[in-house]
Amino acid sequence: MTDMNDTTDKHWRLQTDDDNIVWLWLDKLGTGTNVLSAEVLIQLNDILADLEQSKPRAVAVCSAKKSGFIAGADIKEFVKLTTPDQAYELIRNGQRVMDRLEALPCTTVAVINGFALGGGLELALACDYRVVVDDDRTRLGLPEVKLGIHPGFGGTVRTTRLMDPLAAMDMMLTGRGLRVKKARKLGLVDQVVPKRHLLRAARMIALQPPKRKGRNIKAKALSMGPSRALLAAQMEKKVGQKAKKEHYPAPYAIIELWKKHADNPTEMYEAEARSIASLMCTESSRNLVRVFNLQDRLKGLAHKSQFRAEHVHVIGAGVMGGDIAAWCAMRGLNVTLQDREAKYIAPAIARAHKLYKKRLRDPIKIQAAMDRLMPDVKGNGVRRADVVIEAIFENVEAKHALYRDLEPRMKPGAVLATNTSSIKLETLGEALADPDRLIGLHFFNPVAMMPLVEVIRTESSHAQEVSKGLAFARQIDRLPLPCRSAPGFVVNRVLMPYMIEAVRIAEDGVALALIDKAAMDFGMPMGPVELADTVGLDVAASVAKVFEQEFGLEMPDALTKKVAAGQLGRKNGQGFYEWRKGKAVKPDADTDDMPPNLQDRLMLPMINEAVACLREGVIEDQELLDAGVIFGTGFAPFRGGPIHYADTRGHQEIVTVLRGLATQYGQRFEPDEGWNNLLREPDAA
């Protein structure tokens with residue numbers, strides 16, 4: 001290739017080869033990942049204006065970043081927009097750049113060397129052809145709905161015209177990324193090639209553009225007005241089962257765009273811009289962007305350590321220990337799993353195989369993961385493990401005996417961690433010659449679904465061990481939350497008063513289904529009664545007992561009786577609910593019977609306990625607390641976290657409501673002293 005211009009722009013580099021193909025490389029200055037900032041788009045627009053005049057044979061758009069193609073628009077710019085008019089102007093400018101790329105009088109090829117997400121995929125869709133590297137880690141998708149918005153650079157138009165519109169709508173409504181072979185099958189990309197052939201494949205397309213297929217008959221039929229109206233109604237019903245319109249308006253806006261405008265692209269581009277501009281300024285979108293940034297902060301906590309584990313040894317093959325081991329093996333680590341006898345390990349291996357079949361699908365990859373997960377009754381893996389995780393039952397004496405055996409057998413530099421959910425590290429460390437080496441790695445059930453891991457430390461924990469714990473959590477694709485050792489840590493500490501209050505409300509005669517409905521109306525992913533059954537009533541009772549001892553929060557009789565009767569919840573088919581085929585059977589309940597203060601009675605104990613965690617320094621700051629409760633409990637993401645919710649609603653109002661509840665129901669509702677600190681700060685609202 002011969003350089004056309006060595007100093008083209010701040011973020012873009014152009015090269016022209018002997019066949020007059022322009023290779024347009026994006027390398028956004030100062031970042032490890034390409035994003036489409038306003039400046040990047042302005043410079044691209046100027047380049048396209050020049051290309052309209054120079055008339056190359058073809059243009060290939062490439063990424064100079066090894067991390068992938070383009071991750072999307074620059075989210076940091078979203079939060080600076082204060083009005084829908086400002087947002088509309090930003091979006092329309094982006095649409096015009098994509099239209100200009102699409103209208104170039106030459107062949108255009110997007111050369112996708114990894115992920116292409118959001119605006120990055122929209123840019124690729126504005127090209128005539130898309131060639132993508134064959135890598136199982138690559139994802140192509142439009143995840144904007146997770147930020148409370150939808151595609152805005154023409155994505156709602158181009159995807160539904162290029163692909164089967166139902167597949168395109170599913171991609172946008174769920175925000176899920178497609179693997180490359182699926183994307184090829186659906187027609188989203190034109191070629192999938194090994195990395196070494198990527199540029200060559202793009203060149204061949206540029207020199208000999210393949211004939212484009214027209215829209216198939218099915219796609220045309222599905223896009224007709226009557227069909228769209230019927231399908232849109234079905235989509236709304238399906239979305240409604242997971243997300244309320246008042247909480248998450250974005251998916252409903254996507255459906256409305258397609259239903260009303262899919263037969264008129266020009267009209268749909270304008271409607272898309274107006275719609276996303278309105279969504280960008282909603283409280284729901286602002287809070288979901290906040291959650292995205294909180295997630296990034298948790299990911300960034302692991303950067304202080306270069307620690308990388310190759311071998312993990314897990315002791316305890318119960319549900320938690322077995323699933324931790326299975327997850328680590330799926331993420332590429334060698335894992336030995338120890339328990340008293342092989343018969344206790346076998347169920348964990350069976351669950352692992354089921355997980356791998358669902359997640360990995362490829363028989364070769366499934367077998368490779370199974371080969372990395374090794375039963376180890378004698379515990380021989382301890383000597384070569386980089387991380388040893390204790391996940392046995394919650395008994396101090398049993399854990400002490402285990403640690404005395406483990407410590408002398410572990411290799412230098414190995415991490416010793418416990419998955420305890422309620423016992424303080426200071427107590428557990430008493431059995432160790434070096435108690436400050438012990439950290440907590442507290443996973444949540446189900447391990448494969450819950451993204452958070454609490455990384456627990458004491459006041460005197462070795463800093464390097466905590467750093468290793470944070471790095472290990474990220475290595476296995478979990479979000480690390482650093483916490484100080486305290487009863488219940490953060491997530492269980494905040495969750496327990498909420499679950500206990502739900503049982504108390506049931507004791508007062510309120511229907512279980514109404515209690516769960518009140519929580520889900522607030523935005524929780526499931527109600528507290530169903531959650532208790534899912535966690536296991538024996539586990540809930542065990543944690544509640546700790547809370548009774550530490551905080552005087554009395555355990556409800558109804559919970560004690562259920563456990564005594566052996567009704568433990570989902571795990572054995574009967575708890576507060578009857579469980580059939582893994583689902584709770586909920587009797588119908590009359591919403592007219594719902595007490596007017598039910599939602600506050602459920603949710604405010606959780607908010608109050610979150611304030612207590614801050615006051616006691618169990619967690620460093622409000623952002624980390626909000627992140628932990630969102631990713632650890634599913635706390636309504638569109639509300640931005642418990643402390644952010646309190647900021648928005650108003651601290652004084654919540655304190656007043658808590659005092660009223662305390663008068664009516666008892667001391668447990670008394671506002672925590674930490675509210676005094678918050679009341680000195682201005683409310684966000």
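The values are calculated or read from the model by the stated rules, or taken from the named source; none is laboratory data. Since we're looking at a predicted model, the values are computed, not measured. All Cβ positions, even for glycine, are placed from backbone atoms using ideal geometry, and neighbour counts span all protein chains on display.
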Subject >> Given (1) free of Cβ contacts under 8 Å to residues at least 12 places away in the same chain; (2) farther than 28 Å from Thr458 by Cβ, index of the condition Val377 fails >> reply: (1)
**OP:** Consider His353 carefully, then state whether it is in the same structural domain as Gly413 (by TED's automatic domain parsing), assigned to a helix (DSSP H, G or I) and under 27 Å from the mean Cα position of the chain (by Cα).
**Re:** yes
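Residues are listed down the side, and each one gets a yes or a no for (1) more than 17 Å from the chain's Cα centre (by Cα); (2) surrounded by fewer than 22 Cβ atoms within 10 Å (Cβ to Cβ); (3) in the same structural domain as Leu188 (by TED's automatic domain parsing):
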residue: Leu125; (1), (2), (3): yes, no, yes
residue: Val132; (1), (2), (3): yes, no, yes
residue: Asp136; (1), (2), (3): yes, yes, yes
residue: Pro143; (1), (2), (3): no, yes, yes
residue: Gly152; (1), (2), (3): yes, no, yes
residue: Leu162; (1), (2), (3): yes, yes, yes
residue: Met169; (1), (2), (3): yes, no, yes
residue: Thr174; (1), (2), (3): no, yes, yes
Original post:
Being under 30 Å from Asp626 (Cα atoms) and within 24 Å of the chain's Cα centre (by Cα), is that true of even one residue in the stretch 263-275?
Top reply: no
**OP:** Please specify each residue of the stretch 109-142 satisfying the condition of being outside any strand (DSSP E or B) and hydroxyl-bearing (Ser, Thr, Tyr).
**Re:** Thr138
**OP:** Give the residues of the stretch 487-522 that are over 15 Å from Leu602 (Cβ atoms) and surrounded by 20 or more Cβ atoms within 10 Å (Cβ to Cβ), sorted by residue number.
**Re:** Gly488, Phe489, Val490, Val491, Asn492, Arg493
**OP:** Please state which of the following conditions Phe307 fails to meet, knowing it meets all the rest: (1) aromatic (Phe, Trp, Tyr); (2) in a helix (DSSP H, G or I); (3) crowded, with 18+ Cβ neighbours inside 10 Å.
**Re:** (2)
Subject >> Gln86 being in a helix (DSSP H, G or I), more than 20 Å from Asp128 (Cα to Cα), in contact with a His (Cβ under 9 Å, 6 or more places away or on another chain) and in the same structural domain as Lys146 (by TED's automatic domain parsing) >> reply: no
**OP:** Can you tell me which residue within the stretch 105-123, out of those that are buried (at least 22 other Cβ atoms within 10 Å of the Cβ) and over 17 Å from Ala71 (Cα atoms), is nearest to the chain's Cα centre (by Cα)?
**Re:** Val109
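Search the stretch 364-384 for residues being of a type in the set (Lys, Arg) and either farther than 23 Å from Pro412 by Cβ or not assigned by TED's automatic domain parsing to the domain that holds Glu341 (or both), and hand back the single one that is modelled with the highest pLDDT. Talk me through it step by step, then tell me what you get.
Kept after step one, since they are of a type in the set (Lys, Arg), are these residues of the stretch 364-384: 365, 372, 378, 383-384.
Narrowing the set further to residues that are either farther than 23 Å from Pro412 by Cβ or not assigned by TED's automatic domain parsing to the domain that holds Glu341 (or both) leaves 365, 372.
Values: Lys365: 95, Arg372: 98.
The selected residue is Arg372.
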Original post:
Would a scan of the stretch 657-666 turn up a residue that is closer than 24 Å to Arg484 by Cα and not β-branched (Val, Ile, Thr)?
Top reply: no
Original post:
What's the number of the condition Arg340 fails, among (1) outside any loop (DSSP other than H, G, I, E, B); (2) out of contact with any Ser or Thr (no Cβ under 8 Å at 6 or more places or on another chain)?
Top reply: (1)
Original post:
Is it true that Ile324 is within 18 Å of Asn419 (Cβ to Cβ) and over 23 Å from the mean Cα position of the chain (by Cα)?
Top reply: no
**OP:** Would you please name the residue that is surrounded by the fewest Cβ atoms within 10 Å (Cβ to Cβ), looking only at residues in the stretch 567-592 that are farther than 16 Å from Ile515 by Cα and small (Gly, Ala, Ser)?
**Re:** Gly582
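Can you pull out the residues in the stretch 555-583 that are free of Cβ contacts under 8 Å to residues at least 24 places away in the same chain and touching a helix residue (DSSP H, G or I) at 6+ places or on another chain (Cβ under 8 Å)? First the steps, then the outcome.
Just the residues of the stretch 555-583 that are free of Cβ contacts under 8 Å to residues at least 24 places away in the same chain, to begin with: 560-561, 564-566, 572-574, 578, 580-583.
The answer is Thr560, Gly566, Gly582.
Just one of Arg478, Arg437, Arg484, Arg457 is basic (Lys, Arg), within 20 Å of Leu355 (Cα to Cα) and surrounded by 18 or more Cβ atoms within 10 Å (Cβ to Cβ); which is it?
Arg478
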**OP:** Out of Ala564, Ala544, report the one residue that is surrounded by 15 or more Cβ atoms within 10 Å (Cβ to Cβ), under 26 Å from Phe393 (Cβ atoms) and hydrophobic (A, V, I, L, M, F, W, C).
**Re:** Ala544
**OP:** Take the stretch 64-104 and flag every residue that is under 28 Å from the mean Cα position of the chain (by Cα) and farther than 25 Å from Val145 by Cα.
**Re:** Ala64, Lys65, Lys66
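Residue check: is Leu337 within 23 Å of Val535 (Cα to Cα), modelled with pLDDT of 95 or more and under 22 Å from the mean Cα position of the chain (by Cα)? If you could, list the steps in order and put the result at the bottom.
Details: within 23 Å of Val535 (Cα to Cα): yes; modelled with pLDDT of 95 or more: yes; under 22 Å from the mean Cα position of the chain (by Cα): no.
Criteria not met by Leu337.
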**OP:** Search the stretch 616-656 for residues being surrounded by fewer than 20 Cβ atoms within 10 Å (Cβ to Cβ), in contact (Cβ under 8 Å) with a residue 40 or more places away in the chain and in a helix (DSSP H, G or I), and hand back the single one that is farthest from the chain's Cα centre (by Cα).
**Re:** Glu616
Original post:
Yes or no: Arg100 over 30 Å from Ser284 (Cβ atoms), assigned by TED's automatic domain parsing to the domain that holds Ala71, at pLDDT 95 or above and not in a helix (DSSP H, G or I)?
Top reply: no
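Taking the condition loosely packed, with under 15 Cβ neighbours inside 10 Å, of a type in the set (Asp, Glu) and in a helix (DSSP H, G or I), does Glu609 pass?
On the way: loosely packed, with under 15 Cβ neighbours inside 10 Å: no; of a type in the set (Asp, Glu): yes; in a helix (DSSP H, G or I): yes.
No, not satisfied.
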**OP:** Sort through Ala201, Ala183, Ala253 and tell me the only one that's crowded, with 19+ Cβ neighbours inside 10 Å, farther than 30 Å from Lys146 by Cβ and of a type in the set (Gly, Ala, Ser).
**Re:** Ala201
Original post:
Failed condition for Glu270, given (1) more than 30 Å from Asn380 (Cβ to Cβ); (2) modelled with pLDDT under 95; (3) out of contact with any Gly (no Cβ under 8 Å at 6 or more places or on another chain), with all others met?
Top reply: (2)
Original post:
Can you name the residue in the stretch 380-396 that is closer than 20 Å to Ile456 by Cβ and charged (D, E, K, R) and is also surrounded by the fewest Cβ atoms within 10 Å (Cβ to Cβ) among such residues?
Top reply: Glu394
